[in-house]
Amino acid sequence: MEITRPRGTRDFLFEEMKKRKEVERTLKRVFETYGYHEIKTPIFEDLKLFTLKSGEEIVKQIYHFKDKANRDLALRPELTAPAARLYLNELRKHPKPIKMYYYGSCFRYERPQAGRFRQFWQFGCELMGAESPQAEAEVIALAVHCLRELGLKEYKLHIGHLGILRGLLEDAGIRGGSQDRIMGLIDKGDVQELKLHLERIEADENMKSLLLSIIGMEGGLGVLENVEKMVGGCEPALESIDDLRELIRLLDDFKVEDYNLDLGIARGLDYYTGIVFEIYVPSLGAQKQICGGGTYNLIELFSGEKIQSTGFAFGFDRLVAALKKQKDELFQFAKVFVAPVSDSTRPPAYRIVQELREEGIPSDVDLSGRKLRKILSYADHLNVEKVILVGERDLKEGKVTIKDMKTGSQELVEIDKIIEYLKEE
Ligand code: HAM
């Protein structure tokens with residue numbers, strides 16, 4: 001009987017893990033440079049944490065189960081609600097703002113496809129208790145800074161504000177669940193179903209055409225002037241447009257130059273209240289969104305305490321996929337391979353490899369008692385840069401032969417100069 005992996009999950013092999021660790025290290029470094037500190041929360045939580053205000057789509061996708069004591073639990077579909085719970089349980093008295101970041105796996109029962117999994121990883125942050133446009137600007141700057149440090153070249157930052165669409169719907173008397181449903185359809189980009197839904201609820205014709213044109217609006221600052229004329233006297237929408245203007249001014253100070261205002265961003269989670277943003281890598285195709293975030297009042301929803309927060313999460317798997325697409329590096333298991341030419345030179349070969357490792361040079365040695373020809377072909381498979389041939393004749397002179405695997409050239413090097421030689425190379 002063959003036991004297979006559950007649908008929508010993956011195994012990660014050496015090369016992939018190495019890349020993932022490298023990306024994880026870079027992100028940790030950049031988040032910490034901005035004053036964020038890591039938190040860790042449980043993989044499963046009380047189901048209620050996610051059903052309260054996360055949105056219809058996410059709730060449908062939750063993996064939930066009852067434990068042996070009949071408690072309703074859920075595998076976390078995201079980490080913002082757990083971070084808000086952690087704040088309420090542990091950090092209420094902590095001076096604000098509080099900057100936290102996290103890295104961990106999330107679970108959503110979705111239809112798997114390229115870039116969309118049932119278990120995936122998020123690397124994200126929450127800035128809690130800073131109600132200001134400069135807090136939002138700094139959060140966006142952090143996301144962009146991470147991508148710059150990772151060397152990602154082609155990405156697009158889209159910024160919007162939920163207050164414009166929600167303000168118009170509110171003015172038209174569309175509130176609560178009905179409003180959330182419309183936002184969900186906009187987020188999915190399902191214009192067909194959106195039109196049908198607006199007809200079904202007999203939405204006002206003017207509002208309908210206004211809504212449909214606003215969701216298609218994107219570009220530079222000019223977009224704000226146009227939409228300002230369109231929303232007329234809708235106060236919440238006008239306030240949101242001012243918020244966006246202020247944010248854009250600040251982004252310049254935080255050195256974020258490339259952005260696209262996009263009034264069609266609705267976000268799939270219902271807890272957002274203001275500025276929202278998403279980052280896309282077009283070459284990833286349908287699942288091109290590598291980052292999503294915005295401003296929310298989840299803590300207020302849970303406890304009544306008014307703590308405005310802003311945050312975002314990178315879809316870690318998509319981020320790694322985008323980086324790999326950009327540059328497919330040849331994977332290297334070790335830099336140097338030490339090859340005993342005959343059985344009698346095995347002991348000195350082991351001593352040499354241990355010395356290299358003590359110096360932090362990733363190196364390997366033959367452990368299978370193979371003949372030289374086989375050793376060399378194995379070293380080739382590991383993609384090493386150099387092979388150190390340990391032969392009897394060379395040893396008598398206190399030397400080894402170092403072969404460059406790329407050029408094929410060989411050099412005799414004194415044993416106590418090997419490290420110096422490799423470091424120079
Ligand atoms: P989200 O947009 O639902 O936001 O997810 C963040 C990112 O996770 C997405 O942009 C995407 O790259 C990745 N992602 C989502 N679902 C999948 C999946 N099935 N497979 C692979 N990657 C996926 C949130 O979760 C919010 N908690 C972000 C946030 C933090 N907002 C404020 N703070």
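The values are calculated or read from the model by the stated rules, or taken from the named source; none is laboratory data. Predicted, not measured: the structure shown is a model, and the values here were computed from it. For neighbour counting, all protein chains shown are included, and Cβ atoms are generated from backbone atoms with ideal geometry for every residue, glycine included. With ligands, DNA and RNA removed, areas are computed over all heavy atoms of the protein, side chains included. Shrake-Rupley method; radii C 1.70, N 1.55, O 1.52, S 1.80 Å.
At a glance:
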| item | result |
| --- | --- |
| Condition check for Gly311: in contact with a strand residue (DSSP E or B) (Cβ under 7 Å, 6 or more places away or on another chain), on the phi > 0 side of the Ramachandran plot and either among the hydrophobic types (A, V, I, L, M, F, W, C) or within 12 Å of the ligand (Cβ to nearest atom) (or both) | no |
| Within the stretch 155-183, tally of residues that are assigned to a loop (DSSP other than H, G, I, E, B) and at pLDDT below 95 | 4 |
| Strands (runs of 3 or more DSSP E) contained in the stretch 7-122 and holding at least 3 residues away from the ligand (no atom under 14 Å from the Cβ) and open to solvent by 50 Å² or more (accessible area, probe 1.4 Å) | 64-66 |
| Enumeration of residues in the stretch 145-161 that are surrounded by fewer than 21 Cβ atoms within 10 Å (Cβ to Cβ) and among the aliphatic types (A, V, I, L, M) | Leu150, Leu152, Leu157 |
| Selected residue (only one of Glu300, Glu257, Glu246 is surrounded by fewer than 22 Cβ atoms within 10 Å (Cβ to Cβ), in contact (Cβ under 8 Å) with a residue 60 or more places away in the chain and acidic (Asp, Glu)) | Glu246 |
| Residues of the stretch 380-403 classified as modelled with pLDDT of 95 or more and outside any loop (DSSP other than H, G, I, E, B), total | 15 |
| Scope the stretch 177-195; condition open to solvent by 50 Å² or more (accessible area, probe 1.4 Å) and of a type outside the set (A, V, I, L, M, F, W, C); matching residues | Gly177, Arg181, Asp187, Lys188, Gly189, Asp190, Gln192, Lys195 |
| Breaking point among (1) of a type in the set (D, E, K, R); (2) closer than 16 Å to Ile62 by Cα; (3) out of contact with any strand residue (DSSP E or B) (no Cβ under 9 Å at 6 or more places or on another chain), for Glu45 | (3) |
| Residue among Gly274, Gly285, Gly264, Gly292 that alone is more than 8 Å from the ligand (Cβ to nearest atom) and out of contact with any helix residue (DSSP H, G or I) (no Cβ under 8 Å at 6 or more places or on another chain) | Gly285 |
